[in-house]
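The values are calculated or read from the model by the stated rules, or taken from the named source; none is laboratory data. Values in this document were obtained by computation on a predicted structure and should not be read as measured data. Here the Cβ positions follow ideal geometry from the backbone for every residue, glycine too, while neighbour counts run over all protein chains shown. Note: areas computed on protein heavy atoms with side chains; ligands, DNA, RNA excluded. Shrake-Rupley method; radii C 1.70, N 1.55, O 1.52, S 1.80 Å.
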Amino acid sequence: MKMAITIDVDKELCIKCGKCVRVCPSQIFIQDENSKDISTQFIDSCIVCGHCVAACPEDAVRHSEFPAEKVHRIDYSQLPTPQQMMLLCKIRRSNRAFSSKQIPVESLNMILEAAHRAPTGSNTQHVKFLTIMNPEKLNQISKFTIDVFSGVLKKLQNPLIKPFVKYIVPDALRYIPAFERLRNNYHNGKDGILRKATAAIFIYTPKGMRMGSMDANLAYQNGSLMAESLGVSQFYTGFVLNASKMKKGKLEELLGVEGEIHAGMALGMPAFRFPNYIDRKDIDVINFS
């Protein structure tokens, strides 16, 4: 049986700054207008985000889910500069040119930890990860994707269906040449799905999670930036995820996942790193001022 959450404020340590009041999304902390004393209410509505404990400068907030060993002081001088962070964003690319060298386990663990640190809706923290390094299983994923696309290709090329596709999904016909190349290359030993990646990470949540897809893709972004900083190449497994949508539940069945896969990345050590970064199109912003 899960223990009830307890939250209280140490009156001797509290300096009445009100930061816990301002950051709590569930409005559990209240501050008396006259005495400025802090008290708590509606503790059962806590989403266990830890904002209150993280914001308190005097460690006065006592939360049963965040004992002292889970609370760490931040040394802001250790953060990358804005210029360094911007450079990381500018140079992050989907590098599909992998070498045969294995990814160091420490690097893979750091990518997973970064992804795990991403925020989740209502702080549910239901995002889970599946790491695959087995070459046979990686090939099964590529084969699954090719098989799904081959089935779609067959339908798109059916002379009885093709005229209707043109009107119902006009954009679909332009993908026929790409699907054909993927299928033919795969059968000729050239995997255009995972591109000889030595590892893959799939990010999933329990079925029916309202924010599942958004939470998983936030996790992917964190992991993607960490991979770039570590010199590990990666790309988003868009083909695999599209195939998974077309064959609902089949990828999860193949991988033994109890839940719903929302995001994924193929990873490997780079055959080379890009010497340049290029500018994107001009930013498109609507400003209300």
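Miscellaneous remarks
- Cross-link pairs LYS155/LYS248; LYS154/LYS207; LYS101/LYS250 - those with Cα-Cα distance over 22 Å: LYS154/LYS207; LYS101/LYS250
- Solvent-accessible area of the chain (1.4 angstrom probe, protein heavy atoms only): carbon and sulfur portion equals 55 percent.
- For the chain, modelled as a GNM whose springs connect Cα atoms under 10 angstrom apart, the maximal fluctuation among PRO270, PRO67, PRO135 occurs at PRO67.
- For the chain, modelled as a GNM whose springs connect Cα atoms under 10 angstrom apart, the maximal fluctuation among TYR236, TYR204, TYR186 occurs at TYR186.
- Contact order normalised by residue count of the chain, Cα under 8 Å, 6+ apart, percent: 22
- For the range 9-104, the per residue solvent-accessible surface stands at 71 Å², with DNA, RNA and ligands left out and a 1.4 Å probe.
- Residue ranking by accessible heavy-atom surface, 1.4 Å probe, largest first, among PHE149, PHE274 comes out as PHE274, PHE149.
- The three principal axes of the Cα atoms in the chain give end-to-end lengths of 79, 49, 44 Å, sorted in falling order.
- Straight-line cross-link partners of LYS19 among the lysines, defined as a Cα under 25 Å from its Cα and at least 8 positions apart when in the same chain: LYS11, LYS36, LYS70.
- For peptides 189-195, 139-145, sequence by mean Cβ density within 10 Å, most packed first: 139-145, 189-195
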